[in-house]
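Here the structure is laid out as structure tokens; the discussion comes afterwards.
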């Protein structure tokens with residue numbers, strides 16, 4: 001999973017929208033590349049572009065493209081950079097860079113290479129990082145690429161399913177939907193599943209485990225109704241540090257307009273320290289409906305929890 005990425009060139013420019021010139025080495029600090037025009041307290045401090053992308057563009061343009069000509073700070077070789085994802089990391093010794101954005105809006109007429117060729121590869125295939133830990137970098141160094149693994153826990157609450165008397169269908173469906181979503185976003189992921197009876201002690205034990213082991217997301221299925229054994233929202237609420245009420249309110253209204261019984265679900269959503277949690281009903285149909293809405297906010301929620309402001 002961890003891959004080596006060769007650094008072919010490190011480049012700096014003093015003005016935005018201009019090509020960068022190769023230098024012997026660069027200093028990467030909390031504000032970005034020292035001496036570069038793009039330094040600052042924002043998420044696009046350091047730009048990277050792969051030789052793999054440059055070569056394809058160079059062939060189409062029918063001329064050789066120099067390192068730094070697309071205004072990238074670091075020219076690499078070894079992986080397809082635009083197939084990485086925000087929150088992935090690159091390291092070299094103590095240096096640590098975190099991916100924050102894939103591609104960007106093209107400068108158009110304000111970009112030198114666009115003026116010459118009428119096109120640019122950086123907006124589509126370049127990536128941007130912020131500096132997490134300081135360090136220096138030079139051509140010939142080897143960055144280590146660490147994809148962020150999204151750790152997800154799926155918990156089915158059902159007395160019958162936990163005894164093997166009933167086949168759990170909602171948990172496997174939630175797993176399948178998560179897999180499809182993560183793969184569509186070029187995400188690496190790990191999913192852990194549990195089936196437990198409707199008991200507070202067992203659910204709380206798993207929620208503590210999720211927080212302690214740094215799970216990113218927890219989905220529960222079952223126990224959100226108004227029956228005597230439906231305890232999921234009450235138990236989860238004890239662990240939540242921040243509520244996210246809007247998601248479940250929207251789902252109840254959206255599906256309750258056509259099916260009034262959907263309004264009886266008491267599912268909640270929130271944050272347990274750094275872990276997102278969503279309590280879903282136990283029916284496969286409801287799991288699909290809920291996930292369809294929840295997935296729209298998952299990535300942005302993860303960015304917010306990791307203090308990644310993509311509004312800048």
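The angle between the Cα long axis of helix 284-305 and the longest principal axis of the Cα atoms of the chain comes to about 40 degrees, rounded to the nearest 10. Relative to the longest principal axis of the Cα atoms of the chain, the long axis of helix 170-184 makes an angle of roughly 10 degrees.
So what is the relative contact order for the range 3-146, in percent, with contacts set as C-alpha pairs under 8 Å and at least six apart? Walk me through the numbers on the way to the answer.
Values: 377 pairs, mean separation 51.3, N = 144.
This gives 36 percent for the range 3-146.
Rg and Dmax of the range 215-312, both derived from C-alpha coordinates alone, stand at 13.6, 48 Å.
Hey, if you drop one equal point scatterer on each alpha-carbon of the range 1-50 and run the Debye formula without solvent, what base-10 log of I(q)/I(0) do you get at q = 0.14, 0.16, 0.29, 0.31 Å⁻¹? The calculated log intensity ratios at q = 0.14, 0.16, 0.29, 0.31 Å⁻¹ are -0.38, -0.48, -1.24, -1.32.
Contact order, relative form, for the range 149-305: 27 percent (alpha carbon pairs under 8 Å, 6 or more residues apart, mean separation divided by residue count).
Peptides 275-282, 85-92, ordered by how many other C-beta atoms sit within 10 Å of their residues on average, highest first, read 275-282, 85-92.
Taking each DSSP H run with n ≥ 4 as -39500 (n - 2.57) and averaging over every residue of the chain yields -9000 deg cm²/dmol at 222 nm.
Under 19 Å from a label point set 7 Å out along the Cα-to-Cβ vector of residue 94, the amide N atoms of the range 131-147 belong to 131-138, 141-144.
Axis of helix 51-61 versus longest Cα principal axis of the chain: the two differ by about 60°, to the nearest ten degrees. Inter-label distance, residue 58 to residue 273: 4.9 nm, where each label sits 7 Å from its Cα along the C-beta direction.
Please say if the range 149-305 is rounded, prolate or oblate, where rounded means a/c under 1.5 for a ≥ b ≥ c the square roots of the C-alpha gyration tensor eigenvalues, and otherwise the choice is prolate for a/b larger than b/c and oblate otherwise? Provide the component values of the computation, followed by the final result.
Details: a/c = 1.29, a/b = 1.12, b/c = 1.16.
The shape class here is rounded.
Remark: the residue 237-residue 257 segment gains 4.6 nm on full extension, using 0.36 nm per residue and subtracting the alpha carbon distance. The label point for residue 133 and the one for residue 167, both projected 7 Å from the Cα toward the Cβ, are 4.8 nm apart.
Look at the Cα gyration tensor of the range 21-78: its axes a ≥ b ≥ c give a/c of at least 1.5 with a/b over b/c, and that counts as prolate. Restricting the calculation to Cα atoms, the range 273-312 yields a radius of gyration followed by a Dmax of 12.6, 40 Å.
When both the range 119-169 and the range 1-46 are represented by their alpha-carbon centers, they are found 24 Å apart.
Between the alpha-carbon centres of the range 189-204 and the range 212-279 there is a gap of 14 Å. Judged by the gyration tensor of its Cα atoms, with axes a ≥ b ≥ c, the range 3-146 is prolate; a/c meets the 1.5 cut and a/b is the larger of a/b and b/c. Structural descriptor for the chain: relative contact order 17 percent, calculated from alpha carbon pairs under 8 angstrom and at least 6 residues apart. Taking the structure as given and computing Cα Rg over 2.2 N^0.38 Å, which label from [x] 1.05; [y] 1.51; [z] 1.20 fits? Read-out from the structure maps to [z].
FYI, it's all coordinate maths here, none of it is from the lab. The model shown is predicted, which means the values in this text are computed figures rather than measured ones. In this analysis, Cβ positions are derived from the backbone assuming ideal geometry, glycine residues included, and neighbour counts consider all displayed protein chains.
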